[in-house]
1. Glu230 - would you say it is more than 20 Å from Trp150 (Cβ to Cβ) and without any contact (Cβ under 8 Å) to a residue 24 or more places away in the chain?
2. Of all residues being aliphatic (A, V, I, L, M) and within 28 Å of the chain's Cα centre (by Cα) in segment 284-319, which is nearest to Gln342 (Cα to Cα)? Just the residue, please.
3. What residue, of Arg171, Arg156, Arg189, is more than 26 Å from Gln122 (Cα to Cα) and either surrounded by 17 or more Cβ atoms within 10 Å (Cβ to Cβ) or touching a residue at least 12 places away in the same chain (Cβ under 8 Å) (or both)?
4. If you take the residues in segment 320-336 that are within 27 Å of the chain's Cα centre (by Cα) and modelled with pLDDT of 95 or more, which one is farthest from Lys287 (Cα to Cα)?
5. For segment 55-107, enumerate the residues that are out of contact with any strand residue (DSSP E or B) (no Cβ under 8 Å at 6 or more places or on another chain) and assigned to a loop (DSSP other than H, G, I, E, B).
6. Looking only at segment 159-190, count how many residues are β-branched (Val, Ile, Thr) and within 18 Å of the chain's Cα centre (by Cα).
7. Give segment 42-69 a look and list any residue that's within 21 Å of Pro88 (Cα to Cα), among the aliphatic types (A, V, I, L, M) and touching a residue at least 40 places away in the same chain (Cβ under 8 Å), or say none.
Amino acid sequence: MNLSESSRPSVTHGVSLFSRSPREVDAWKERISQWLQRRGLLESVLLEVQSQPSESRLTAHLTPSAFERWTPVWDTLGLAERLAIDFPERGDRLELEILIAMLASPVPFEFPSLEELESTLQVRMNIVDAASKTFLSFDAYGAERPEEFWEYDEARGYVVRSGKSMIEALRLATQPGDDGYVYSFSCYRATEYVIALGLAQEIKRCNEGLFSDLQLQSERRAIRSGEFHEVFMKEYGSHQTPLPAKYYVPGDRVWFKNPDPESADALGFEGSWVFYLGSGRFTDFWKRNKAFTLELKCLEMFHWRHSTYRDEEGILRMDEKKVQENMRASEQDAEALNLIYQRMYRTQDPRGVYADGGIIDPSREYPRRVRPETTDIVLPDIQKQLA
């Protein structure tokens, strides 16, 4: 599906806080107003209170002029650069970029408390920090972890050794230490570890009970794949109502689909799971201190179709050196490069369909709530309900 104006949402919803107490919502409005005032943002944000008998709601979104200045047509890829012009001295620019991107959202981000919104900002910053430091060896067939902190069981997967910190275990598995040893991961499993680390750091700070249970869960059984998504993640946007192609919030997990059915049969190259880091950059876990722009990701994935081969056992594999060579050749041909972007820069087809779609994900994912009173994380192997 081409990314036409008609496929984009037409309304900015931003952030919404809800409570049964009108007095609590009024207090949130006052606190947010003070926070925005201190940061020079008050005139750029609309705050509106709506009260119903059963619920009061505070919504916050960018004014039309701020939206056009910072996120025109929901383009957040250039947001950090635009903010650097307006706020050249800001040291907390990542937090500012996350908040303004959320305030520009075409889909409402809803929270049952102001504290939960604050934790969401922190979790996203944790994810960006962890993802920026992650460097791994890509291996769709095998995996390995630091043996001092992890043990493997066929039924339970990789679990944290009893008595070992899950935060340290996750950090050591994904962030090479002084010895420089790099552990093997698939891209999806790597994103799970980064999300788990970002969540665990904030949960340890604000929800001691949930953190104890999370530590226990990590020692009992790995939560992975579809179950990980259900337990820890929320998704916004869909094929019916796709998000704008350039709308991303730092900390979002994104799936870029390989639109070529033949090369998608190479294990590990069905697509690419990444995080949006902000400043127009997406993660590249397989190169130290490197990141992708959206254009580079389109170019790389386009050339997967030209770079496959079959090994001696007849297994379809990817020649990544050839991918790089093809990318460099295309970068020298402006006309060919433009055609590649036109082909790839489309919303992806639904699962199992390979037609006219490109790589662009119609949805994004972000972690669930973590505060003691409002968390919606329910750990499957812990008896008490934490919702």
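The values are calculated or read from the model by the stated rules, or taken from the named source; none is laboratory data. Small disclaimer: the values here were computed from a predicted structure and weren't measured. Every residue, glycine as well, gets a Cβ built from its backbone with ideal geometry; the counts of neighbours run over all protein chains shown.
1. Here the answer is yes, as Glu230 does meet what is asked.
2. Among residues in segment 284-319 that are aliphatic (A, V, I, L, M) and within 28 Å of the chain's Cα centre (by Cα), the one nearest to Gln342 (Cα to Cα) is Leu299.
3. Arg156
4. Among them, the one singled out is Met327.
5. Asp75, Thr76, Leu77, Gly78, Phe87, Pro88, Glu89, Arg90, Gly91, Asp92, Pro106
6. 1
7. Val45, Leu62
Here is a yes/no grid of residues against (1) crowded, with 17+ Cβ neighbours inside 10 Å; (2) at pLDDT below 95:
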residue: Phe67; (1), (2): yes, no
residue: Gly78; (1), (2): no, no
residue: Ile85; (1), (2): no, yes
residue: Glu89; (1), (2): no, yes
residue: Ile100; (1), (2): yes, no
residue: Thr120; (1), (2): yes, no
